[in-house]
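See structure below.
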Amino acid sequence: MSRTYPIAVLPGDYIGPEVMAEALKVLRAVAAKSDIAFQFDEHPVGGAGIDAAGKALPDTTLAACEASDAILFGSVGGPKWEHLPPAEQPERAALLPLRKHFGLFANLRPGICYPALTASSPIRPDLVEGGFDVLCVRELTGGLYFGQPKSRQTLPDGDIEVIDTMVYRKSEIVRIAHVAFRAAMGRGRRLTSVDKANVLTNSVLWRETMNEVAKEYPEVKLDHLYVDNAAMQLIKAPRSFDVLVTENLFGDILSDEMAMIAGSLGMLASASLGQPKGDGLYFGMFEPSGGTAPDIAGQGVANPIAQILSAALMLRFSLGLEAEAAAIEAAVRSVIQLGLRTGDIFTGAPGTRRVGTQEMGDAITAALP
Ligand SMILES: NC(=O)c1ccc[n+]([C@@H]2O[C@H](COP(=O)([O-])OP(=O)(O)OC[C@H]3O[C@@H](n4cnc5c(N)ncnc54)[C@H](O)[C@@H]3O)[C@@H](O)[C@H]2O)c1
């Protein structure tokens, strides 16, 4: 019997709607090849929300998200709304409330450098030869960014003192550990936990907890790296990693480093997951790692691959459609292999051809197995 999945579709601003159209095209083609159906409920968010309803996250948009199995998000913000006060800026007023409202505590970013695209990576060719595929799992709602107290004060001697507090509860570490171990189970079964256990009390609990949770996943090989070493190893030997798991601040920095060494922002998907639903699946929000690219918006040249791969992550983590997710990822790989390139990944290399957003979406749709 066919099953219908309700999906909240929030394209956002500038290139958001352009790349989202291609992701929906691919999803419709996936549905047509199987006995599933998607019910897309499209709503404005970010600048588009401000223009349509006076705020970045309109009530109707939030209600649609609540009624869905997952949120497929484009990206928000841009020059049109930059004059607004910081608290009303599209990113801050849409993304953060969505993360908070749905308790999205796990951020997953696959850093994939495709063998045919190693020239786009800024690191030495011999270190990325054959490409690499690392999944970074970042804790998103704890640690230094949210810990209390936070303060700034001028001391009696005139000096200024600032305080940020790093706070984690064991339960927060346990839940992100399970996300990371489960993700590793579906991949190469190797997990690297990144901490600073030689200095931070937080990290000592982090490491203890990772070791404890590891007992529930005997098939996964767990190792630990200090964050400074992890930053070096990612550049020196990106191929040696499978899944990385780390706390909020370290993850913020390492996931950007990984995105950089992988090549183009237009290729990188991300998933933000909330509490597991009990069946191994999560409510989540799925979006490209990059922003709204106002510099190329409206020209039909944006790379839709990050949005399309975000849709694949949605199928895997929120809907449990692993075969369909893998089919999309295989189609992307084969189109890259065929030499199709949007401007951001086009180098003029022999055997490659420059294409626009729609042609890339069409080619990926046609390449679905
Ligand atoms: N999650 C989000 O919604 C999110 C994330 C980051 C930035 N932003 C917002 O996006 C706006 C622009 O930010 P920015 O310029 O710093 O970052 P950006 O990621 O939008 O662009 C950086 C560079 O990467 C290129 N790029 C990004 N995505 C691409 C794609 N799919 N295809 C081809 N090229 C691509 C852009 O053309 C630009 O040259 C800002 O308003 C920012 O606040 C939103």
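The values are calculated or read from the model by the stated rules, or taken from the named source; none is laboratory data. Since the model is a prediction, treat every value here as computed from it, not as a measurement. Methodologically, a virtual Cβ is constructed for each residue, glycine included, from the backbone with ideal geometry; neighbour enumeration extends over all protein chains shown.
Here are a few things to note about the model shown:
- Residues (part of a helix (DSSP H, G or I), within 16 Å of the ligand (Cβ to nearest atom) and over 20 Å from the mean Cα position of the chain (by Cα)) located in the stretch 52-89: Thr61, Pro79, Lys80, Trp81, Pro86, Ala87, Glu88
- Scan of the stretch 279-298 for residues that are surrounded by fewer than 23 Cβ atoms within 10 Å (Cβ to Cβ), more than 10 Å from the ligand (Cβ to nearest atom), at pLDDT 95 or above and of a type outside the set (Phe, Trp, Tyr), ordered by number: Gly298
- Among (1) out of contact with any strand residue (DSSP E or B) (no Cβ under 8 Å at 6 or more places or on another chain); (2) at positive phi, the one test that Ala237 misses: (2)
- Gly361 out of contact with any helix residue (DSSP H, G or I) (no Cβ under 9 Å at 6 or more places or on another chain) and touching a residue at least 24 places away in the same chain (Cβ under 8 Å): no
- Residue within the stretch 202-211 that is under 23 Å from Leu98 (Cα atoms) and not hydroxyl-bearing (Ser, Thr, Tyr) present: no
- With respect to (1) within 16 Å of the ligand (Cβ to nearest atom); (2) surrounded by fewer than 24 Cβ atoms within 10 Å (Cβ to Cβ); (3) among the aromatic types (Phe, Trp, Tyr), the lone exception for Tyr14 is condition (2).
- Exactly one residue among Val45, Val26, Val9, Val19 is modelled with pLDDT of 95 or more, within 11 Å of the ligand (Cβ to nearest atom), among the β-branched types (Val, Ile, Thr) and touching a Leu at 6+ places or on another chain (Cβ under 8 Å), and that residue is Val45.
- Contact map, the stretch 211-228: first residue hydroxyl-bearing (Ser, Thr, Tyr), second residue outside any helix (DSSP H, G or I) and modelled with pLDDT of 95 or more, Cβ cut-off under 6 Å, separation 6 or more or different chains; pairs are Tyr226/Lys196.
- Yes/no for Arg124 being closer than 18 Å to Asp256 by Cβ and of a type outside the set (S, T, N, Q): no
- Checking each residue of the stretch 96-104 against the condition of being farther than 19 Å from Ala311 by Cα, within 12 Å of the ligand (Cβ to nearest atom) and out of contact with any Asp or Glu (no Cβ under 8 Å at 6 or more places or on another chain) gives at least one match.
- Ala48 assigned to a helix (DSSP H, G or I), crowded, with 23+ Cβ neighbours inside 10 Å and small (Gly, Ala, Ser): yes
- The single condition among (1) away from the ligand (no atom under 14 Å from the Cβ); (2) of a type outside the set (Lys, Arg); (3) touching a Gly at 6+ places or on another chain (Cβ under 9 Å); (4) modelled with pLDDT under 95 that Val245 does not meet is (4).
- Qualifying strands (runs of 3 or more DSSP E) (wholly inside the stretch 95-161; at least 2 residues being crowded, with 16+ Cβ neighbours inside 10 Å): 106-113, 132-139
- For Leu313: the one exception among (1) more than 10 Å from the ligand (Cβ to nearest atom); (2) farther than 20 Å from Leu191 by Cβ; (3) assigned to a helix (DSSP H, G or I): (2)
- Any chance Ala23 is in contact with a helix residue (DSSP H, G or I) (Cβ under 8 Å, 6 or more places away or on another chain) and surrounded by 20 or more Cβ atoms within 10 Å (Cβ to Cβ): yes
- Residues that are over 14 Å from the mean Cα position of the chain (by Cα), modelled with pLDDT of 95 or more, away from the ligand (no atom under 16 Å from the Cβ) and in a helix (DSSP H, G or I) do not occur anywhere in the stretch 341-358.
- In the stretch 28-55, the residues that are among the small types (Gly, Ala, Ser) and touching a residue at least 40 places away in the same chain (Cβ under 8 Å): Ala29, Ser34, Gly46, Gly47, Gly49
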